[in-house]
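Worksheet for the structure shown next.
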Ligand code: AGP
């Protein structure tokens, strides 16, 4: 996934574009560039590496002008190099373009353009698109919008683009299909961006473009049309969050800030959604009445990565509390499976970004089969949020750290509400429903107590930061937390880790146990505690160091484990909300101790919008 920004107004574009790119860097950080139109000429600067490389180049050679486009890249076609960095220009050098997405038929287009005399300086699909628009430009009578329209009709694949031409100072064209793009409406200035975080410091009035829409942007106006040139009446929306929500504040990393935000995150997910009188939840966005909810005969959670792990917890919740047959599926697998599915199946997409292409494709496949699709999504106006039949917004605010943290806890909170809602229509007694809702409302203060363990967790991280591998083990509700802990450690510290159901260890993974390989056991005082304790013994018998995540007051665990991180007691089904925080902090501290870039880990991007 890449980040795009465009500015047109009365202020120097360079600073605005650079700051916007910094806010978008979490979307991709292999290279960055900008192009500003100044006195009829392009000022084009682009550099391999982080935004700071580009900033250094601009300090040496500033780019003047009031209209420009910028891009931060997560490489798909072509290695991260200066030449492959966006923006790209066309054959004439008078058209400049940035792109987020994948042009699937770029090879054929490139061959045709090369045969017509075009020469290319990069390996990217984006440069081909720039040349294609340029090739249409003259045939379209130098009408830039028409040239973009004609070129995009030839494209197979996904795009979010911004285009400028030296013949049209004060004009930026944007278009999208499958990659997010929005218009920011300022006072005597307008913006284009991949997501709101890039421009929220300037305006909170936005228009989310839909697929196959094109926007013509000037400093004081904008028009939206379809690819077929039909006029579109855009909906202007007010953004929920503020500029400081995308600031790091006093924290050294966004990820640590977002881990410490989790008490507020749970409050935001619960707000207005608890019906105490009836001991149930209120989730109006599902767009399903009681009869339809009662008729649901299966739920399938489709997601990727951490969101999938949340869906795995959702499976336990939905079956335990909701009494609804439930399964989870890797979205990338589900979209190709040919599973027979019942009539009243709900397919739930879980996605913080709402742009993950595999999850989006799973939803589209489900809709094609006539299933009702719902979403648990964080980014308002995202593609998945707009394509599902209903859903529940997470209201977690922007998550800048590439590794999911607060959005995972938000998803767990929402799934707990959903399970109570479904359960109270079936077998869940009011007393039990009330107990779970009370415990949910107590979660923010309980999370504060877990966060207070931060120094203890840092001390443990120091003991194990040189480990070359780690095992994460849990049962039932906490098996997905074992997987999440392993993913967190892998993705931000690059240490190999495996998550397993604790009992499964004996079927192979226990061979990995040795004095240098820590095993993290998630073993709150729940219904499977004794079984997990037995698994701990098995590891200790083979001299494996054990880090235990346990319930406050459990003295026995301290006699068995080498290190213990305590979390407050709660009902079994809500333990993941608490046990995930220690594995988040353990991974965070180990990554920092290993000198890793916690917020922008190598090879990753915040949302994977390519297959
Ligand atoms: C988790 O830390 C990663 N950031 C990644 O696995 C992420 O959860 C996954 O790509 C799904 O993203 P989404 O929630 O935006 O769909």
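Can you find a residue in the stretch 289-301 that is part of a helix (DSSP H, G or I), crowded, with 21+ Cβ neighbours inside 10 Å and within 16 Å of the ligand (Cβ to nearest atom)?
So far as the stretch 289-301 goes, no, none of its residues is part of a helix (DSSP H, G or I), crowded, with 21+ Cβ neighbours inside 10 Å and within 16 Å of the ligand (Cβ to nearest atom).
Looking at the stretch 485-502 only, could you name the residues that are within 20 Å of residue 578 (Cα to Cα), assigned to a helix (DSSP H, G or I) and either touching a residue at least 60 places away in the same chain (Cβ under 8 Å) or out of contact with any strand residue (DSSP E or B) (no Cβ under 6 Å at 6 or more places or on another chain) (or both)?
Matches in the stretch 485-502: 485, 487, 488, 489.
Tell me which residues, restricted to the stretch 506-545, are within 18 Å of residue 476 (Cβ to Cβ) and assigned to a loop (DSSP other than H, G, I, E, B).
523, 524, 525, 526, 527, 528
Assess whether residue 346 counts as being closer than 24 Å to residue 380 by Cα, outside any loop (DSSP other than H, G, I, E, B) and more than 14 Å from the ligand (Cβ to nearest atom). Before the answer, list the steps.
Working: closer than 24 Å to residue 380 by Cα: yes; outside any loop (DSSP other than H, G, I, E, B): yes; more than 14 Å from the ligand (Cβ to nearest atom): yes.
Judged against the criteria, residue 346 is a match.
Among residues belonging to the stretch 369-395 that are assigned to a loop (DSSP other than H, G, I, E, B) and within 11 Å of the ligand (Cβ to nearest atom), point out the one that is farthest from residue 182 (Cα to Cα).
Among residues in the stretch 369-395 that are assigned to a loop (DSSP other than H, G, I, E, B) and within 11 Å of the ligand (Cβ to nearest atom), the one farthest from residue 182 (Cα to Cα) is 394.
Give the residue, chosen from 278, 258, 267, that is over 16 Å from residue 392 (Cα atoms) and either within 16 Å of the ligand (Cβ to nearest atom) or assigned to a helix (DSSP H, G or I) (or both).
Sole residue among the options that is over 16 Å from residue 392 (Cα atoms) and either within 16 Å of the ligand (Cβ to nearest atom) or assigned to a helix (DSSP H, G or I) (or both): 258.
For every residue, the table says whether it meets (1) at pLDDT 95 or above; (2) within 16 Å of the ligand (Cβ to nearest atom); (3) surrounded by 22 or more Cβ atoms within 10 Å (Cβ to Cβ).
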| position | (1), (2), (3) |
| --- | --- |
| 402 | no, yes, yes |
| 408 | yes, yes, yes |
| 426 | no, no, no |
| 439 | yes, no, no |
| 451 | yes, no, no |
| 459 | yes, no, no |
| 471 | yes, no, yes |
| 490 | yes, yes, no |
| 493 | yes, yes, yes |
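Let's see how each residue does on (1) within 17 Å of residue 97 (Cα to Cα); (2) crowded, with 24+ Cβ neighbours inside 10 Å; (3) modelled with pLDDT of 90 or more; (4) touching a strand residue (DSSP E or B) at 6+ places or on another chain (Cβ under 8 Å):
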position	(1), (2), (3), (4)
21	yes, yes, yes, yes
42	yes, no, yes, yes
69	yes, yes, yes, yes
76	yes, no, no, no
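Return the pairs, sorted by first residue and then second, in which the second residue is more than 16 Å from the ligand (Cβ to nearest atom) and part of a loop (DSSP other than H, G, I, E, B), the first residue lies in the stretch 337-365 and is under 26 Å from residue 410 (Cα atoms), the beta carbons are less than 6 Å apart, and the residues are 6+ apart or on different chains.
Here the result reads 345/371; 346/296; 347/371, each pair linking the stretch 337-365 to a residue that is more than 16 Å from the ligand (Cβ to nearest atom) and part of a loop (DSSP other than H, G, I, E, B).
How many residues are over 15 Å from residue 81 (Cα atoms) and modelled with pLDDT under 95 if we restrict to the stretch 23-37?
The qualifying residues number 5.
What do you reckon, is residue 416 more than 20 Å from residue 274 (Cα to Cα) and either within 15 Å of the ligand (Cβ to nearest atom) or touching a residue at least 60 places away in the same chain (Cβ under 8 Å) (or both)? Walk me through how you get there before you give the answer.
Details: more than 20 Å from residue 274 (Cα to Cα): no; either within 15 Å of the ligand (Cβ to nearest atom) or touching a residue at least 60 places away in the same chain (Cβ under 8 Å) (or both): yes.
When the stated conditions are applied, residue 416 does not pass them.
Checking residue 584 against (1) surrounded by 16 or more Cβ atoms within 10 Å (Cβ to Cβ); (2) in a loop (DSSP other than H, G, I, E, B); (3) within 16 Å of the ligand (Cβ to nearest atom): exactly one of these is not met. Which one?
Exception for residue 584: condition (2).
The values are calculated or read from the model by the stated rules, or taken from the named source; none is laboratory data. Note that the structure is a prediction, hence the values are computed from the model and not measured. Reconstructed Cβ throughout: ideal geometry from the backbone, glycine too, with neighbour counts over all protein chains shown.
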